[in-house]
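Remarks on the structure that follows.
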Amino acid sequence: MESRILLSCFFVIQLFAGAASGLMLSTDREHSFTILSGTRTVQFTCPATSTAPPVTFRWFYKRFPADVQVELASNIHQTISGNTMIIDQLRKTDKGVFVVEAMDAALQKKSCNFSLKVAYPPTFTSLEVE
């Protein structure tokens, strides 16, 4: 019997900005999220199940303009753990397309993409009038 992997292409996103937090769910195939720069923590979780467990996950980031896909690993700014990626202190440079790939023990793969847009408030310079 061939294994079957089911990657739920919805992301559970938790936003933490100071004391306030929010939760957003999306169910489309290609997701696009716009989040305010400076948000303290953004957590993306993508569930998956398979008839041939265990399921392992890999996270990628597509760099532009060359459209090169780079595998992500945990660092001081982001934490990758299984089906979860956490970005701390969201910055303008975090924008881009992310891909999560799930693979089961029978080497069946499924993947989902999401686009992260980072909004930021305008900056003003003060003018001195004499």
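The values are calculated or read from the model by the stated rules, or taken from the named source; none is laboratory data. Owing to the predicted nature of the structure, the values given are computational and were not obtained by experimental measurement. Please note: Cβ atoms are built from the backbone with ideal geometry, for glycine as well, and neighbour counts cover all protein chains shown.
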_Those strands (runs of 3 or more DSSP E) lying entirely in the stretch 44-105 with at least 2 residues over 18 Å from Ser32 (Cα atoms)_ = 48-50, 56-63, 68-71, 78-81, 96-103
_So Val129 ticks every box in (1) in contact with a His (Cβ under 9 Å, 6 or more places away or on another chain); (2) at pLDDT below 80 but one. Which box is left unticked?_
(1)
*Can you tell me which of Lys62, Lys95, Lys109 is modelled with pLDDT of 70 or more and surrounded by fewer than 14 Cβ atoms within 10 Å (Cβ to Cβ)?*
Lys109
